[in-house]
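Asks: I'd like to ask you about the structure that follows.
All of the numbers you see were taken from the coordinates with simple rules; none came from a lab. Please read all numbers here as calculations on a predicted model, not as lab measurements.
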Amino acid sequence: MKTNHYISLILVGMFAILVLGVTAGNAQEGKGVTIGGTQVVTADVVAVEHANRVVSFRGPEGNVVAVKVGKEAHNFDQIQVGDKVRVEYYESVALSLGEPGQKPEASSSQMTARAPKGAMSAGVEVNTIDVSATVQDIDRKNRTVTLKRPDGRLVKTKVDKSVKAFDTLKVGDTVNAQYTQAVAVSVEKP
C-alpha cells in the first residue's frame, strides 16, 4: 500500500530531523517546526503524440523528457508544440509534540482539481499524510529515544545534542508529523 510507504518515509524524516538537531521551537508556540519549500520549473513542449497521449518537454537545462498523459487530462488535445508548461512543486513536513497518552495514528488524504473542459490545460494535486509515534523509552545518557509506530513496531533513534526538547520529553509523549506534497501544472500559450 502506498500510504504505508509514505508513513515509513515520514517517520524516517521525523527521526532524521531529530538527529539533525532541528529544535522544536519555531512554530505553534514552541511546540513544533515546519520545514518545506517550493520549486518552480518551466519547460517547452517540443513534441506531442496525440494518438499515444505522449508529450515531450525540454527543460531549463536542455534535457528532453517524454511524459504519458492520462485520460483524466481532458484538455490534452489543446497542447501544441511551442506551448510552455509550468510546474510548481511544494513539499513540507510539520513536526510537533502531541498530548501524552495519544495513540499512534496514520491517515492520508488527497485532493485533485483540473481545469474545466475546453479551458487551458491545468491541474493540481495535493496529498497530505498525518502520522504520529509514541515515545516508549528514553535513554538520556546516550541521547536515544524509542518510538512506537502506528503499526506497533518500535524504532530507536539518536537525538542530537542541539535538540532542547529532548530534555523535557517523557515516556508516553507523542511526536506528530504532517507531510504535504502539492503539484500544480499549467499550460501557457506563447
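Asks: Given a cut-off of under 8 Å on Cα pairs at least six residues apart, what relative contact order in percent is computed for the range 45-190?
Replies: On the way: 315 pairs, mean separation 42.8, N = 146.
Computed over the range 45-190, the figure is 29 percent.
Asks: With bins 10 Å wide starting at 0, give me the P(r) of the range 92-186 over every alpha carbon pair, in whole percents.
Replies: All Cα pairs, binned at 10 Å, distribute as 15, 36, 22, 14, 10, 4, 0 percent.
Asks: Taking a ≥ b ≥ c as the square roots of the Cα gyration tensor eigenvalues, with a/c under 1.5 meaning rounded and otherwise prolate when a/b beats b/c, else oblate, which class fits the range 31-190? Walk me through the intermediate numbers first.
Replies: On the way: a/c = 3.59, a/b = 2.73, b/c = 1.32.
Here the range 31-190 falls in the prolate category.
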